[in-house]
Amino acid sequence: MLNTSQIILSIIAIALSYILYQAKKVYIARKHLTKWIPQVPGSLYFGAKSKFGPTKDRIKDTARLLDNPKKSVYLEFLSNWVIITQDYDLMEFILSSNELITKGPHYKNLAKWLGYGLLIANGQKWKTSRRIITPTFHFSILEQFVDVFNSNEAIMIEKLKREAVGKKGVEIYSYITNCALDIICETAMGVKMDSQQNKNKEYTDAVKDMCEILAVRNLSFWKNWDWLFRLSPEYKRQQKNLKILHGFTNSVIEKRKKELESNKDIKKLEEEDSFGRKRRKVFLDLLLESTDNSLSQDDIRKEVDTFMFAGHDTTSSAATSGILLLSERPDIQKSIRDELKEIIGSDRDRPLTYSDLHNMTYLELVVKEILRIKPPVPFIARQLTQDVKYKDHIIPKDTMISLFLYGMNRDPDFHNDPDKFNPDRFLSTDKKAYSFLPFSAGPRNCIGQKYAMLELKSMLAKILMNFEILPSEVPHEPDFTVEIVYKSKNGVYVKLKEVDWN
Ligand code: HEM
C-alpha cells in the first residue's frame, strides 16, 4: 500500500511528466512551422542563449547569425521563441502592419517609470494615445522649440569654450546629454532646468540614473525577472528615483492645470506669461488642452515621462556618435561649415531660426548618415498575439520578432560600401522605403523624428560653427554597447579647437 506522501509524490511526478510532454509537443510543432528559417541550435529547455557572446558583441553576433540567405534566424530560450531578422520583406511585412503592433516583452522594464505611455502601450490604448499625441508634433509647435534649442545650446558652447578648448581631449557625451536633458525638460514640460549650470539636478540626475538602471537590467540575465530584481541594489535606487521622477512630473502637471483652470481666457494664457512675454506652448499644454477627455492626469504623466525618456538619450547618442565620426572627417566638416556660412553669414552668435535649420540640406544628409552608421536604436521587437500568415508560412502565436535595424542600415544589398561614412549616398532618391530605419517605419514609427532631426541639426551646427573637431590625443577606446540605446559606455573623447568664423 502506498502512504500519503508517496501518493502526493506520484501525482507531482505524473503532473510534471504531463507538463514536459505538452511542452515538447508545442516545441516540436513550432520547430516544424519555423523550419523555413535557419535555426540556432540549443537544448530543449535552456535554448540558444548560450550561443551568444558578451553583450558588447551583440551587434557583431547578430550580424554573424544573420549572414545567411534568409537574413533571419529562429532561436529559443525557455518560453521565449524568437525570430531575429533583417530580411527586407519580413521587415516591411511587420512594420507596415496596422495589426502587428504589440511590443516585445522586454519593454516591460520601462513600465514602472513610463507606465503604458505611447512607447510601450499596445492595442486600442496605443491607437487612442497615438491619435491624441500626433498633433503635438505639428511643425508649428516644433518651430517654437528652436528658441529652446538656441538658449540651451548657447550654454553648452560657452561651457565647452571654457572647459574643453586647449585640452588634448574632452569627454563630449556628458556635455551633450546635459544639454539634451535641459531641452527636453523645457519642451515637454515648460520647465527651465539649467542642469547644465548645476541647478535642479535632482530630477535630471534621477532621469540619468533610471536610464542606467534600465541598461543594467537589459544587460543582465537575472535582473530581468522582477522578483530577483527586487533583491538587487538597483531596485532600491529605482524606487528612490521613481519617487523623484513621478513626484516632479505630477507637481508640474498640477501647477499647469491650476494655471489653465484659473485662467478662463486660455487664449491670453497661450499668448503671454505672467511677465507679459510671449508664451510658447509645450507638449504638456497640448495634452492638457486636448479636447479628448480620455486622458486622465495619470495618462498625461505617463506621456510626459515617455517624452523625457524617449527624447533625450536617443538624440544624445546620435549627436555624440556624429561628433566622433566627424572628428575623422575634416573634409565633411568643411562642407558643413561652407553651407552654414552661406545660411548664417558672418554673425555666428545670432540665434538660428526654423528656416535656417530647414535650409541646412547638406547637414541633413550628414545627420542621416550618422543615424545610418550608428543608429541609437539598433533593435526593436514585436510580439505576435496570434498565428500570422506570411507568404507561404505560418509564424506561430507568441513568437517575438526582433528587427535588426542596424543590420538593415548597413545591408550591402541596399547601401553601397555600407561601412563607409558617406553623406552623399542620401542624394540619391531611389532608396527603398524600409532600407533605412533609424526611426523604424510604419504606424509605430518614431513620433519624435522631426523633433530629433531639428535638434540634431541645431546642435551639430552650433558645435561646428564654433569648433573644429579633431581626434582626441588622450588615449581612449569607446566601448559601444547596446544598453537601452546604442552608445559608448565609457563616453567619447574628441579634441576641440576654436574656429575662426570670418
Ligand atoms: C535620434 C533620435 C531618435 C531615434 C533614433 C528614435 C528612434 C525611435 C524608434 C526606432 C522608435 C520605434 C521603437 C519601437 O518600435 O520599439 C521610436 C519610437 C518612439 N519615439 Fe523615438 N527616436 C528618437 C527621438 C525621439 C524624440 C526626440 C522623441 C520625443 C520627443 C521620441 C519619442 C518616441 C515615442 C513616443 C515613440 C513611440 C511611438 C509609438 O509607439 O507610437 N523619439 N523612436
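Reported count of residues in the stretch 155-192, each being under 19 Å from the mean Cα position of the chain (by Cα) and surrounded by fewer than 19 Cβ atoms within 10 Å (Cβ to Cβ), is 1. Of the residues making up the stretch 400-423, just one is touching a Leu at 6+ places or on another chain (Cβ under 7 Å) and more than 19 Å from Phe439 (Cβ to Cβ), namely Phe421.
Just one of (1) more than 9 Å from the ligand (Cβ to nearest atom); (2) more than 26 Å from Arg329 (Cα to Cα); (3) buried (at least 20 other Cβ atoms within 10 Å of the Cβ) fails for Phe436. It is (2). Taken over the stretch 171-201, the criterion of being more than 16 Å from the ligand (Cβ to nearest atom) and out of contact with any helix residue (DSSP H, G or I) (no Cβ under 6 Å at 6 or more places or on another chain) is satisfied by Glu171, Ser174, Asp194, Gln197, Asn198, Lys199, Asn200.
Can you pull out every residue in the stretch 205-225 that is away from the ligand (no atom under 16 Å from the Cβ) and either under 23 Å from Leu454 (Cα atoms) or not aliphatic (A, V, I, L, M) (or both)? Within the stretch 205-225, Asp205, Lys208, Asp209, Glu212, Arg217, Ser220, Phe221, Trp222, Lys223, Asn224, Trp225 meet the criteria. Looking across Lys495, Lys457, Lys489, one residue alone is within 16 Å of the ligand (Cβ to nearest atom) and of a type in the set (D, E, K, R). It is Lys457. Among the residues of the stretch 385-395, is any within 13 Å of the ligand (Cβ to nearest atom) and assigned to a strand (DSSP E or B)? No - not one qualifying residue is present in the stretch 385-395. Among the residues of the stretch 78-105, those that are surrounded by fewer than 18 Cβ atoms within 10 Å (Cβ to Cβ), modelled with pLDDT under 90 and away from the ligand (no atom under 16 Å from the Cβ) comprise Leu78, Ser79, Asn80.
Taking the stated definitions as given, is Asp356 outside any helix (DSSP H, G or I) and either more than 21 Å from the chain's Cα centre (by Cα) or among the aromatic types (Phe, Trp, Tyr) (or both)?
Working: outside any helix (DSSP H, G or I): no; either more than 21 Å from the chain's Cα centre (by Cα) or among the aromatic types (Phe, Trp, Tyr) (or both): yes.
So Asp356 fails the test.
Scanning the stretch 107-128 for residues that are within 10 Å of the ligand (Cβ to nearest atom), under 21 Å from Val207 (Cβ atoms) and not in a loop (DSSP other than H, G, I, E, B) returns Tyr107, Leu114. With respect to (1) of a type in the set (Phe, Trp, Tyr); (2) within 15 Å of the ligand (Cβ to nearest atom); (3) assigned to a helix (DSSP H, G or I), the lone exception for Phe426 is condition (2).
Going by what's in this entry, would Leu365 be described as within 16 Å of the ligand (Cβ to nearest atom) and more than 19 Å from the chain's Cα centre (by Cα)? Criteria met by Leu365.
The values are calculated or read from the model by the stated rules, or taken from the named source; none is laboratory data. The structure displayed is predicted, hence computed values, not measured ones. Reconstructed Cβ throughout: ideal geometry from the backbone, glycine too, with neighbour counts over all protein chains shown.
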